[in-house]
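These notes concern the structure reproduced below.
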Amino acid sequence: MKIIRDATAGSGEKSDCSVTVRPSDGLEIEITGSSAAFFRESMVAEIKSVLRELAVDAGTIEVADRGALPFCLKARVEAAVRRGSE
Amino acid sequence: MEDRLRRSRLFLPGNNPKILQDGGVFEADSVILDLEDAVSINSKDEARILVKWALREVDFGDSEVLIRVNHPETPFFEADMEIVSQEVDGIVLPKVESAAQVEEVAAVLDKVEAEKGIEKRIIIIATMESALGIMNAYDIARAPRVAALAFGAEDFTKDIGAERTPEGKELWYARSAIVTAAKAAGIQALDTVYPNVHDDEGLRAETEAVRRMGFDGKSAIHPNQIGVIHDVFTPSLEEIRKSLAVMEAIKEAEEKNSGVIALNGRMIDRPVVERAKRVIRLAEAAGIDTSALPEE
């Protein structure tokens, strides 16, 4: 799957996150929000696992987190990627 | 016959992670991960993906896990069915109006189960929410995989041009039709939601009324409604004692190898036995130890 346009999924509600993807030559992951300081490493690993599943190897992935659990983070990444690559 | 208890069915909006992640803690008999009315048109895709991940990673406890998919005639239905997995116990089908509609969905489930190696038979709960659905209720109740008929009062009221009133007289024909059709087919009947989440007394009164009619459960749109619903579906001590006496009489008859079961000089027939079993299950589901009831 190739990210060909900017796309967003999720929300700024509590326990959710907002994920924006943008086309890019390399892979770049940016995480903001209260959890980022503590869980950045595991969040990056979760995001990468979804990207691997979707065969995405390039793009900018921006996550604004509001305390999303892993299932939600992964779902929002997948939704944003699918929206940005259709 | 599918006889899992379905006293309460809690709707969880499919695009709300905060509610989905807590879905297992409310102890509803069933949770419904809703992709239909609770999700706006623009969010159908992300809700579906969120529910897919919730099925993989959220612990829904002992609750039966149901997905309410969009109607088969919408462009969302096919993709909704693609997320069906081993974790799904059943599909809640909106606005069912014919047995043929159910048969089509059952055929999709045949395929999905085979392709994904799902080792269970996923059930269908058919929602009756139009005049035509009510008129075809018995055929729908007998269609493949249907374990219960459920009532959707909001859309039904609109469909027949009725006005929704607090006492709900406009709904009683449909409710009677649903209970009768479901029971004739040997499946469950589940009532609609009580829309006012702040009115516990109204919820209690309506739940009592539908329980007396023969409904097996009621839907909830807020976790706070579950306690009241379970309370109403908990049998009284007197009912439990009678049911235990019936079960005891059966045991005695079996021991004596007697073909006739009698209690206090009256013959007990099959519906009485089935009812007694159900009362005991309801009591046990409410945490009552039927082997240690308080003195009369």
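The values are calculated or read from the model by the stated rules, or taken from the named source; none is laboratory data. Bear in mind that the values here come from a model prediction, so they are computed numbers and not experimental data. All Cβ positions, even for glycine, are placed from backbone atoms using ideal geometry, and neighbour counts span all protein chains on display. Protein only, heavy atoms only, side chains kept; ligands, DNA and RNA dropped before computing areas. Shrake-Rupley method; radii C 1.70, N 1.55, O 1.52, S 1.80 Å.
So the values come out like this:
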item	result
Boolean, B:Ala189 is out of contact with any Pro (no Cβ under 9 Å at 6 or more places or on another chain) and assigned to a helix (DSSP H, G or I)	no
Residue match in region B:212-222 (condition: crowded, with 16+ Cβ neighbours inside 10 Å, under 16 Å from the mean Cα position of the chain (by Cα) and part of a helix (DSSP H, G or I))	no
Residue among A:Ala9, A:Ala45, A:Ala37 that alone is within 28 Å of B:Asp22 (Cβ to Cβ), open to solvent by less than 60 Å² (accessible area, probe 1.4 Å) and without any contact (Cβ under 8 Å) to a residue 60 or more places away in the chain	A:Ala45
Helices (runs of 4 or more DSSP H) contained entirely in region B:1-83, each with at least 2 residues that are open to solvent by 10 Å² or more (accessible area, probe 1.4 Å) and charged (D, E, K, R)	B:44-57, B:77-82
Residue list for region B:190-202, filter: touching a helix residue (DSSP H, G or I) at 6+ places or on another chain (Cβ under 8 Å) and crowded, with 24+ Cβ neighbours inside 10 Å	B:Asp191, B:Thr192, B:Tyr194
Residue that is farthest from A:Ile4 (Cα to Cα), among those in region A:51-72 that are more than 9 Å from chain B (Cβ to nearest Cβ), buried (at least 17 other Cβ atoms within 10 Å of the Cβ) and among the aliphatic types (A, V, I, L, M)	A:Ala64
When residues of region B:121-154 are limited to those that are charged (D, E, K, R) and out of contact with any Pro (no Cβ under 8 Å at 6 or more places or on another chain), the one surrounded by the most Cβ atoms within 10 Å (Cβ to Cβ)	B:Arg145
Selection count, region B:223-248, where residues are open to solvent by 30 Å² or more (accessible area, probe 1.4 Å), part of a loop (DSSP other than H, G, I, E, B) and either without any contact (Cβ under 8 Å) to a residue 40 or more places away in the chain or closer than 21 Å to B:Ala276 by Cβ (or both)	2
Single condition B:Arg164 does not satisfy, out of (1) open to solvent by 40 Å² or more (accessible area, probe 1.4 Å); (2) farther than 29 Å from B:Val84 by Cβ; (3) part of a helix (DSSP H, G or I); (4) of a type in the set (Lys, Arg)	(3)
